[in-house]
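The values are calculated or read from the model by the stated rules, or taken from the named source; none is laboratory data. Since the model is a prediction, treat every value here as computed from it, not as a measurement. Backbone-built Cβ (ideal geometry, glycine too); neighbour counts: all protein chains shown.
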Amino acid sequence: MASRTTLNFPLCYFLVFHGSSDPRSQAAAEALTAEFSQKVVYSCQVPQALGATLKQVALEAPLTSCTASLATAIHADAEQPVVQAVYLECQPLPLHQQIATQLQKLQLPPHVAPIRCVILPVFLLQGVHVMEDIPAELSLVQPLLGTSVHMTLTPHLGSHPGLRRIITEQMATVPAEVWVLLAHGSRRPGANHPLEALAEALGAVVAYWSMPPDLESCLTDLVSQGFTQIGIAPFFLFPGAITDAIAATIHQFSLHTPAVKLTLIQPLNTCPELTDLLLDLIHK
């Protein structure tokens, strides 16, 4: 009986995004995934026989997806890992089925096991999605695939201390007397504490889109203190309906305070260093 080859390196990386019906958000997630795929460091070599098997699978059953496809990744270079974007919401299939479907298509031979997969939650807050929804979805993958897959869940993107440096560099491009760090906010106990610590480290005040203190009340308070140049840093990954609503709120507020200059900087996906933080998380 042939011995089973244990894959001591990750064969697949799944970047988990929240998901959105806004095409800008979808495109930004795809671009971030593609950039991660190009940068990911792959220190081990795929065994020659396995590489041939993966290429044959790609030739016989090409795969398609909204991001870098499994077939393209495998066919182009069997020594490179598969990188795929998957989504918690706004998709026809739930997260666990998205992951299981892609892994089942690999159809590895019986003597190769397990497939090692790294799951990266591309979320900024340690809210319900990160702490409950994603783990619950991943627990449903294993029964579908048995022992053929070994999954590792990394810390979420928002836990990386490098975000402070990225936001600091963004803020340095705008002259402002005071900054507001604006996040969606989470009602999960303790989930907002890291954000509040980040705001304190940045010398900014924190505001939330979905809970108090909200942006408008925060701006009103700062104007009452005499600030005339206020920067707003959105703690959001991608542009979408919420960032549009933020911009509209700022515009309406500025109509009533013409002597105050309000500057809204771009979401975090405009920073090329973001993928470097994801790469660092896979080694933690």
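Which of the residues spanning region 125-139 are surrounded by 16 or more Cβ atoms within 10 Å (Cβ to Cβ) and either in contact with a Lys or Arg (Cβ under 6 Å, 6 or more places away or on another chain) or part of a helix (DSSP H, G or I) (or both)? Spell out how you get there, then give the answer.
Within region 125-139, the first condition is being surrounded by 16 or more Cβ atoms within 10 Å (Cβ to Cβ), and the residues that meet it are 125-127, 129-131, 133-134, 137-138.
Across region 125-139, the qualifying residues are Gly127, His129, Val130, Met131, Asp133, Ile134, Glu137, Leu138.
I'd like the full set of residues that are of a type in the set (Val, Ile, Thr) and either assigned to a helix (DSSP H, G or I) or buried (at least 18 other Cβ atoms within 10 Å of the Cβ) (or both), limited to region 219-252.
Residues of region 219-252 of a type in the set (Val, Ile, Thr): 220, 223, 228, 230, 232, 242-243, 246, 249-250.
Passing the criteria: Thr220, Val223, Ile230, Ile232, Ile242, Thr243, Ile246, Thr249, Ile250.
Checking Val122 against (1) modelled with pLDDT of 95 or more; (2) buried (at least 19 other Cβ atoms within 10 Å of the Cβ); (3) not assigned by TED's automatic domain parsing to the domain that holds Ser25, only one condition comes out false. Which one?
All conditions are met except number (3).
Out of curiosity, is Leu144 touching a helix residue (DSSP H, G or I) at 6+ places or on another chain (Cβ under 6 Å), among the aliphatic types (A, V, I, L, M) and part of a helix (DSSP H, G or I)?
On the way: touching a helix residue (DSSP H, G or I) at 6+ places or on another chain (Cβ under 6 Å): yes; among the aliphatic types (A, V, I, L, M): yes; part of a helix (DSSP H, G or I): yes.
Here the answer is yes, as Leu144 does meet what is asked.
Whether any residue in region 140-151 is hydrophobic (A, V, I, L, M, F, W, C), in contact with a His (Cβ under 9 Å, 6 or more places away or on another chain), without any contact (Cβ under 8 Å) to a residue 40 or more places away in the chain and surrounded by 13 or more Cβ atoms within 10 Å (Cβ to Cβ) is what I want to check. Even if it seems obvious, please write down each step before you answer.
Of the residues in region 140-151, the ones hydrophobic (A, V, I, L, M, F, W, C) are 140-141, 144-145, 149, 151.
Adding the requirement that they be in contact with a His (Cβ under 9 Å, 6 or more places away or on another chain) leaves 140-141, 144.
Next, from what is left, pick out any that are without any contact (Cβ under 8 Å) to a residue 40 or more places away in the chain: none.
No, the conditions are met nowhere in region 140-151.
Taking only region 171-214 into account, find how many residues are farther than 26 Å from Met131 by Cα and either in a helix (DSSP H, G or I) or of a type outside the set (S, T, N, Q) (or both).
11
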